[in-house]
Amino acid sequence: MSLFSEINKVPLAFDQDRAAEARAMFPELSGAALDLIGGAAGSSPYLHFLLQREGDWLRDAAHNVADTILNNILAAVPDGLSADPGVELRLAKRRLALLTALADLGGLWRLEQVTGALTRLADAAVQSCLNFLLGAELTRARMPGLTAASRADLGGYFVLAMGKMGAGELNYSSDIDLICLFDESRYATEDLAEIRAGFVRITKGMVKMLSEVTAEGYVFRCDLRLRPNPAVTPVCIGMDHAEHYYESLGRTWERAAYIKARVCAGDLVSGQRFLSNLRPFIWRRHLDFAAIQDAHDMRLRIREHKGIFAEPDVPGLDLKLGPGGIREIEFFAQTRQMICGGR
């Protein structure tokens with residue numbers, strides 16, 4: 001069995017010249033395999049670029065089935081414990097994107113396998129960057145209380161995957177929504193300012209390593225704006241601070257956001273404890289009408305902010321933010337999740 005032996009559909013090429021160029025790069029292929037290569041390249045300039053860049057790798061890897069290729073890509077992701085993983089992470093992203101697209105377009109993988117593969121790479125990439133950056137902080141000895149043993153759990157630092165990443169639903173162009181926290185109870189009060197500053201440096205470094213566009217491309221764009229009060233808080237805060245915020249000021253949309261939250265990297269124990277402590281906030285036993293109205297008003301505010309007032313049958317409708325679009329479907333589902341989940 002091989003990657004191309006299980007093809008059960010192929011895309012139609014939009015750009016026939018690009019498709020022909022891609023097929024010419026793989027003279028050893030024929031039939032459905034060659035149609036898949038041509039259809040993929042002819043439908044996407046990015047996939048055409050990946051076939052040019054990673055064609056030699058694909059020829060060798062394609063002797064295996066898609067799941068084995070995926071596992072090999074993920075196994076090759078550097079752990080970040082020694083060298084800067086930036087270049088290798090970008091290589092892994094290119095190869096996984098190409099594999100995922102071919103497995104998707106060729107009918108080899110179901111939707112959840114496609115989004116799951118991209119999510120698994122995102123998890124591994126975040127952990128790899130954090131391992132490397134924590135090592136750099138240990139070398140500089142600027143964070144009191146951190147020792148070589150802190151590498152095992154990143155000194156109480158953890159990352160929550162939110163949104164599509166949290167639910168294992170990343171698509172090809174998704175940003176990754178992250179909330180970065182640390183367990184301040186592990187440190188002496190007089191050291192907290194330096195510890196917080198160190199974790200802020202690590203967080204900013206991680207975002208740069210993942211999202212910076214280099215000659216090798218980029219890994220993932222990162223969005224940290226789902227954290228508590230992002231306009232005034234640093235990119236990493238203490239978990240107790242976050243808990244107090246949600247207990248006193250947490251809003252309905254933040255409860256909805258936490259439906260998909262999961263710990264994706266760092267100190268998994270502290271992260272899971274944080275989410276457990278937040279369960280009464282997320283899943284209220286009784287959701288009053290004011291909370292439901294709040295969710296409804298937020299949907300209207302988004303529509304007003306974006307200037308989207310078109311009726312559903314008007315050409316040019318925004319399928320994501322317009323009436324009846326993806327965002328409204330999400331609000332409908334999340335409101336009912338909060339009501340039924342709390343009960």
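The values are calculated or read from the model by the stated rules, or taken from the named source; none is laboratory data. On a predicted model such as this, the values are computed, not experimentally measured, just so you know. For neighbour counting, all protein chains shown are included, and Cβ atoms are generated from backbone atoms with ideal geometry for every residue, glycine included. Remember, those area values only see protein heavy atoms, side chains included, never the ligands or the DNA or RNA. Shrake-Rupley method; radii C 1.70, N 1.55, O 1.52, S 1.80 Å.
The residue pairs whose first member lies in segment 157-182 and is farther than 13 Å from D223 by Cβ, whose second member is of a type in the set (S, T, Y) and part of a strand (DSSP E or B), and whose beta carbons are closer than 7 Å, counting only pairs six or more residues apart or on different chains, are F182/Y157. Scanning segment 191-224 for residues that are in contact with a strand residue (DSSP E or B) (Cβ under 8 Å, 6 or more places away or on another chain), more than 22 Å from S270 (Cβ to Cβ) and among the charged types (D, E, K, R) returns R221, D223. For segment 130-147, the tally of residues that are open to solvent by 20 Å² or more (accessible area, probe 1.4 Å), in contact with a helix residue (DSSP H, G or I) (Cβ under 8 Å, 6 or more places away or on another chain) and not in a helix (DSSP H, G or I) stands at 5. Of the residues examined, I259 is not one that is open to solvent by less than 60 Å² (accessible area, probe 1.4 Å), at pLDDT 75 or above, closer than 30 Å to S150 by Cβ and of a type in the set (V, I, T). Among the residues of segment 19-31, which ones are assigned to a helix (DSSP H, G or I) and surrounded by fewer than 18 Cβ atoms within 10 Å (Cβ to Cβ)? Selection gives A20, E21, A24, G31.
Residues that are open to solvent by 70 Å² or more (accessible area, probe 1.4 Å), more than 20 Å from Y172 (Cα to Cα) and modelled with pLDDT of 95 or more number at least 1 in the following helices (runs of 4 or more DSSP H) confined to segment 37-111: 45-61, 66-75. Within segment 208-221, the residues that satisfy the criterion of being open to solvent by less than 30 Å² (accessible area, probe 1.4 Å) and at negative phi are M209, L210, V219, F220.
Hey, any hits in segment 6-17 for a residue that's within 26 Å of R90 (Cα to Cα) and not in a loop (DSSP other than H, G, I, E, B)? Checking segment 6-17: not a single residue is within 26 Å of R90 (Cα to Cα) and not in a loop (DSSP other than H, G, I, E, B).
Could you figure out which of (1) under 29 Å from E88 (Cβ atoms); (2) loosely packed, with under 15 Cβ neighbours inside 10 Å; (3) aliphatic (A, V, I, L, M) isn't true of L226? Checking L226 against (1) under 29 Å from E88 (Cβ atoms); (2) loosely packed, with under 15 Cβ neighbours inside 10 Å; (3) aliphatic (A, V, I, L, M), the one that fails is (2). For segment 115-161, a tally of residues being more than 30 Å from S174 (Cα to Cα) and among the small types (G, A, S) returns 5.
Inside segment 148-164, residues that are basic (K, R) and crowded, with 19+ Cβ neighbours inside 10 Å make up a count of 1. The combined condition, being more than 16 Å from G238 (Cβ to Cβ) and part of a loop (DSSP other than H, G, I, E, B), is fulfilled by S173. Restricting segment 165-186 to residues that are among the polar types (S, T, N, Q) and open to solvent by 20 Å² or more (accessible area, probe 1.4 Å), the residue that is farthest from M206 (Cα to Cα) is S185. Scanning segment 187-207 for residues that are open to solvent by less than 30 Å² (accessible area, probe 1.4 Å) and in contact (Cβ under 8 Å) with a residue 60 or more places away in the chain yields a count of 4. Can you say whether Q127 is of a type in the set (S, T, N, Q), within 30 Å of A32 (Cα to Cα), at pLDDT 95 or above and open to solvent by 10 Å² or more (accessible area, probe 1.4 Å), as far as the supplied structure shows? It is false that Q127 is of a type in the set (S, T, N, Q), within 30 Å of A32 (Cα to Cα), at pLDDT 95 or above and open to solvent by 10 Å² or more (accessible area, probe 1.4 Å).
Residue selection: R120 fails the criterion of being free of Cβ contacts under 8 Å to residues at least 24 places away in the same chain and among the charged types (D, E, K, R).
So S248 clears everything in (1) over 21 Å from V126 (Cα atoms); (2) free of Cβ contacts under 8 Å to residues at least 12 places away in the same chain; (3) under 20 Å from the mean Cα position of the chain (by Cα) except one condition, right? Which one? S248 satisfies every listed condition except (3).
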